[in-house]
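The values are calculated or read from the model by the stated rules, or taken from the named source; none is laboratory data. Bear in mind that the values here come from a model prediction, so they are computed numbers and not experimental data. Positions of Cβ are generated from backbone atoms using ideal geometry, with glycine treated the same way; all protein chains shown enter the neighbour counts.
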Amino acid sequence: MIYNNIQIITGNANPALARGICEYLQRPLSDGVCEKFPDTETNIKLNSDVRGSDVFIVQPTCAPVNEHLMELLLFCDTLRRSSAGRITTVVPYFGYARKDRKDEGRVPISAKLVANLMTKAGADRVVTIDLHAQQIQGFFDIPVDHLYGSKVQFSYYRQLNLPDLVVVSPDVGGMKMARAYSSALHALLAVVDKRRLSPDSAEVGFLIGDVEDKNVLLVDDLIATAGTLVEAAKLLKDKGALDIYVAATHPILCGPAIDRLTDAPIKQITVTDTVPLSQQAKEMGKIKVLSVVPLLGEAIRRIHKDESVSSLFIDTGEYQAV
């Protein structure tokens with residue numbers, strides 16, 4: 001099916017990312033209003049004609065998560081009722097992903113509920129980056145394009161050309177990502193054993209691998225409270241590591257994260273602009289932001305043109321960090 005022109009719209013979650021994508025695609029940002037009624041209900045109004053258009057909503061569900069999720073759902077409903085040709089939700093950071101299964105009694109599967117809400121609201125397709133759990137793709141009954149933020153990270157760390165590099169996963173669950181970094185950067189691989197004590201704290205056990213007199217790259221999909229990351233960095237220093245770098249896609253940085261990272265034995269942290277960085281995080285001095293604008297912009301272009309998106313999953317070095 002052939003749709004009319006591409007239209008990009010955004011809520012309040014990350015308008016800078018949406019504007020960057022528009023510049024990449026050389027398209028204007030569609031006009032819309034996303035504000036609140038006096039009682040804090042979300043009010044949505046589109047001022048652009050979207051009939052028959054291929055519309056992409058750029059809206060990560062970052063903090064405040066519930067507000068940004070509701071904006072996304074209301075935009076979907078608005079577009080469906082305005083006869084948009086196709087509605088694609090571009091959710092670079094997919095919130096509510098931690099609860100992807102029933103790991104104990106009497107708890108929800110939040111990720112599945114959010115997937116159902118997006119589909120029922122009118123989404124025809126989803127584009128996201130580095131889901132916290134890969135199986136969330138299967139929670140949707142619509143196409144999901146799951147991109148990888150590691151593409152821009154690879155380019156940056158190749159340019160650094162760190163000698164004697166070891167890629168380390170801060171827990172066993174991140175081994176697949178760490179292995180991808182290890183292969184792309186021709187580095188050794190190690191993993192830290194971790195036991196989670198509560199949603200915001202974890203106990204680091206022991207290191208599997210050798211980091212003595214070597215530079216280390218810790219990799220993860222996101223940094224939330226930074227508890228696991230900081231404890232892993234301390235363990236690596238105790239084991240004789242030289243400079244410690246961190247590569248993470250989503251800089252959530254909630255609770256005590258900034259204070260923990262400021263005092264941690266970490267030389268540099270690279271993140272992407274899937275979610276906006278707080279002013280406090282910018283002032284810390286350790287964080288460098290790499291842009292996913294080319295990756296998302298190219299994915300949107302290919303989806304609109306009915307071209308293959310799967311080639312974007314392969315590391316070709318085509319997209320440079322900016």
Exercise for the section: Might you let me know whether the range 123-134 holds any residue that is surrounded by fewer than 18 Cβ atoms within 10 Å (Cβ to Cβ) and either farther than 21 Å from ALA224 by Cα or assigned by TED's automatic domain parsing to the domain that holds ALA178 (or both)? Expected result: yes
Exercise for the section: Filter the range 212-229 down to residues that are in contact with a helix residue (DSSP H, G or I) (Cβ under 8 Å, 6 or more places away or on another chain) and closer than 14 Å to CYS254 by Cβ and give me whichever is surrounded by the fewest Cβ atoms within 10 Å (Cβ to Cβ). Expected result: THR225
Fill in the blank from the handout: All conditions in (1) touching a residue at least 24 places away in the same chain (Cβ under 8 Å); (2) surrounded by fewer than 13 Cβ atoms within 10 Å (Cβ to Cβ); (3) outside the structural domain of LEU188 (by TED's automatic domain parsing) are true of VAL107 except (1)
Handout entry: strands (runs of 3 or more DSSP E) wholly inside the range 16-89 that include at least 2 residues being modelled with pLDDT of 95 or more and surrounded by 21 or more Cβ atoms within 10 Å (Cβ to Cβ)
Key = 54-58
Fill in the blank from the handout: Only one of VAL144, VAL114 is within 30 Å of LEU185 (Cβ to Cβ), surrounded by 16 or more Cβ atoms within 10 Å (Cβ to Cβ) and touching a residue at least 12 places away in the same chain (Cβ under 8 Å), namely VAL144
Fill in the blank from the handout: (1) in contact with a helix residue (DSSP H, G or I) (Cβ under 6 Å, 6 or more places away or on another chain); (2) surrounded by fewer than 16 Cβ atoms within 10 Å (Cβ to Cβ); (3) within 23 Å of LEU235 (Cα to Cα) all hold for GLN280 apart from (3)
Problem - Selection status of VAL127, modelled with pLDDT of 95 or more, of a type in the set (Val, Ile, Thr) and not in a helix (DSSP H, G or I) - result: yes
Practice task
Considering each residue of the range 270-280, count those that are modelled with pLDDT of 95 or more and either among the aliphatic types (A, V, I, L, M) or part of a loop (DSSP other than H, G, I, E, B) (or both), and give that number.
Solution key: 6
Handout entry: Answer from ALA13, ALA115 - the residue that is modelled with pLDDT of 95 or more, outside the structural domain of THR249 (by TED's automatic domain parsing), of a type in the set (A, V, I, L, M) and assigned to a helix (DSSP H, G or I)
Key = ALA115
Handout entry: All positions within the range 242-255 that are in contact with a strand residue (DSSP E or B) (Cβ under 7 Å, 6 or more places away or on another chain), free of Cβ contacts under 8 Å to residues at least 60 places away in the same chain and either surrounded by fewer than 24 Cβ atoms within 10 Å (Cβ to Cβ) or assigned to a strand (DSSP E or B) (or both)
Key = ILE244, VAL246, ALA248, PRO251
Handout entry: Residue in the range 170-190 that is surrounded by 14 or more Cβ atoms within 10 Å (Cβ to Cβ) and among the β-branched types (Val, Ile, Thr) present
Key = no
Exercise for the section: Give the residues of the range 11-54 that are within 15 Å of ALA84 (Cβ to Cβ) and among the hydroxyl-bearing types (Ser, Thr, Tyr), sorted by residue number. Expected result: SER30, SER48, SER53
Completion exercise
Matching residues in the range 218-238 (in contact (Cβ under 8 Å) with a residue 40 or more places away in the chain and closer than 20 Å to LEU131 by Cβ) number 8
